[in-house]
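Data first, discussion second: the structure below is written as structure tokens.
Read the figures in this text as sums done on the coordinates, not as results from a lab. All figures in this text were calculated on a predicted structure; none of them were measured in a lab. Please note: Cβ atoms are built from the backbone with ideal geometry, for glycine as well, and neighbour counts cover all protein chains shown.
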Amino acid sequence: MSGTMLTRESLVEQYKQTHPGSQKLHDRAVKVFSANGATHGARILEPFRPYITHAKGSRKWDVDGNEYIDYGMGHGSLILGHSHPAIVQAVQEQMAKGVHYSENHELEVEWVELIKKLMPMVERTEFCACGQEANIMAIRLARIFTGRKKVLRFEENFHGWADEVVSKGAAGVVAPEVTIIPMNELNKVEEELAKKEYAIIMTEGGGAHMAGQIPWDTEFIHALSGLTKKYGTLWLIDEVVTGFRDAPGGWQSLVGVTPDMTTLGKCVSGGLAVGAVVGRADIFEAFNPKTPVERRIRHTGTWNANPLLCSAGVTACKLYLDGEPQKRAYELGVYLRDQGNKVLKKLNISGRLYGRSIVHLYLGPIDYEPSDPNLPPTKDVKKIINPAMVTLRSQLCLHLLQRGIATLGARFFVLSAAHTKEDIDQTIVAFGSALDDIVAEGILERT
């Protein structure tokens with residue numbers, strides 16, 4: 001396809017021609033799923049995303065036999081890659097033993113002991129079904145512990161879609177006890193905490209959107225611990241994305257902070273559906289059946305720490321202990337970031353790839369050259385988020401799919417330990433070719 005200029009319409013038509021099986025499934029899906037046939041907001045794409053049949057390592061294949069280097073990686077959960085043999089074996093063996101005992105079992109104890117070994121701040125753990133559920137549970141715990149109701153959150157930080165964790169202005173939301181303030185403004189944080197009304201302050205690990213599309217200032221994060229203690233508010237770091245991805249001890253271990261509570265998901269189970277809230281033992285006394293009923297939580301949930309999930313979690317966490325998967329994914333992220341930035345410079349396109357094992361793509365003005373390549377070249381949130389780029393990114397996403405590169409909306413590249421240097425080299429060629437076509441189509445200008 002490279003070298004032939006395409007309009008949006010002709011690109012869509014070519015995509016349909018190479019994805020007839022996915023087209024048929026999409027036509028069925030739109031009759032049963034209201035979000036243009038998708039079951040997750042990030043999987044909505046015009047005309048449709050490919051329908052996948054199987055995946056292995058860094059690759060996945062669709063119903064039409066098209067092969068992709070995958071940079072979605074289970075929405076960030078698969079740092080070990082698709083279908084890691086040890087995870088597959090553990091789950092297959094456990095399936096034969098039983099999926100759900102309706103009882104306690106050894107695997108849940110072994111799993112949480114491994115989590116504690118990886119993340120020493122863990123004194124107690126409560127498992128649930130997903131990361132969002134863990135965040136909701138953390139709010140409940142904080143309210144009981146502090147006797148306060150209010151929740152302090154930050155703009156653009158993602159914690160789920162439920163009322164008290166969703167973004168400001170979302171339709172149908174009723175959350176009168178939630179206050180949302182700008183990121184990285186310490187004076188504003190202290191102004192709010194000084195009211196002594198807040199049970200909890202919530203921060204997304206690494207920064208807003210998938211481990212730091214909008215990063216935290218390190219000095220700001222370091223100051224939060226002292227401020228929350230000063231005013232009696234509990235501090236939560238949401239490490240659903242970054243937990244055991246950025247490092248064995250999570251993002252908090254990289255920046256050197258210890259929150260009161262942490263929420264986990266994604267990588268902690270090797271990619272199966274899970275959530276966990278972990279933290280100080282005194283906060284978790286709300287689960288103790290001897291706690292007075294007015295301060296007690298009776299936590300139910302059919303799938304909490306079920307044996308099938310735990311078998312994957314135990315296996316994954318054992319693989320995380322030496323830090324090698326995280327190191328490998330980070331090194332590959334650096335390679336993709338550096339080679340991609342060379343392409344942007346060569347093509348005279350104003351933009352930057354930045355990040356760690358999740359590499360974000362920024363297209364826009366370069367306001368300054370950061371000393372840390374993990375950071376974007378601007379601190380202007382409006383430039384980073386820029387809704388005017390949605391059409392461009394959608395076009396870039398289609399171009400990349402046609403070249404065998406799967407991203408979630410061309411917003412970022414999620415690396416795993418299963419990716420290879422050859423994968424990255426192939427990706428960079430496709431990236432440059434796709435950008436060339438987009439420039440030729442008049443959607444993106446050279447500087």
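Things worth noting here:
- Per-pair calculated FRET efficiency, R0 = 25 Å: Lys421 and Lys56 via Cβ, rounded to 0.05: 0.85
- Modelled label positions at Glu103 and Gln14, each set 7 Å beyond Cα in the direction of Cβ, lie 6.1 nm from each other.
- If a spin label sat at a point 7 angstrom from the Cα of Asp372 along the line to its beta carbon, the backbone N atoms of the stretch 172-216 nearer than 11 Å would be those of 206-207, 215-216.
- Considering the stretch 147-205, its Cα convex hull presents a mean projected area of 4.2 nm².
- Cα→Cβ-extended label distance, 7 Å offset, between Phe33 and Lys188, nm: 3.5 nm
- FRET E, pair Ser83, Lys195, Förster distance 60 Å, beta-carbon r, rounded to 0.05: 0.75
- Fewest-first ranking of Val178, Val274, Val293, Val91, using other Cβ atoms within 10 Å as the exposure measure: Val293, Val91, Val178, Val274
- For the stretch 368-444, chymotrypsin sites (Phe, Trp or Tyr not before Pro) are listed when DSSP marks them as loop and at most 15 other Cβ atoms sit within 10 Å of their Cβ; the list is Tyr368.
- Placed amide H near Ile200: partners under 5 Å, 5+ positions off or other chain: Leu152, Leu234
- Order of Thr263, Thr125, Thr427, Thr53 under a 10 Å beta carbon neighbour criterion, fewest first: Thr53, Thr125, Thr427, Thr263
- Proxy reagent accessibility, fewest Cβ within 10 Å first, across His159, His54, His19, His75: His54, His75, His19, His159
- Segment Ala273-Lys24, extension gain: residue separation times 0.36 nm, minus the distance between their alpha carbons: 86.8 nm
- DSSP beta bridges in the chain [antiparallel fraction, %, rounded to 5]: 60 percent
- Helix 218-231 vs. the chain, principal-axis angle (Cα, 0 to 90°, nearest 10): 20 degrees
- The mean of 1/r over all pairs of different alpha-carbon atoms in the stretch 85-320, once inverted, gives a Kirkwood hydrodynamic radius of 18.1 Å.
- Checking every one of the chymotrypsin sites (Phe, Trp or Tyr not before Pro) in the stretch 144-194 against DSSP loop status and a limit of 15 other Cβ atoms within 10 Å picks out Trp161.
- The label point for Glu67 and the one for Phe287, both projected 7 Å from the Cα toward the Cβ, are 4.5 nm apart.
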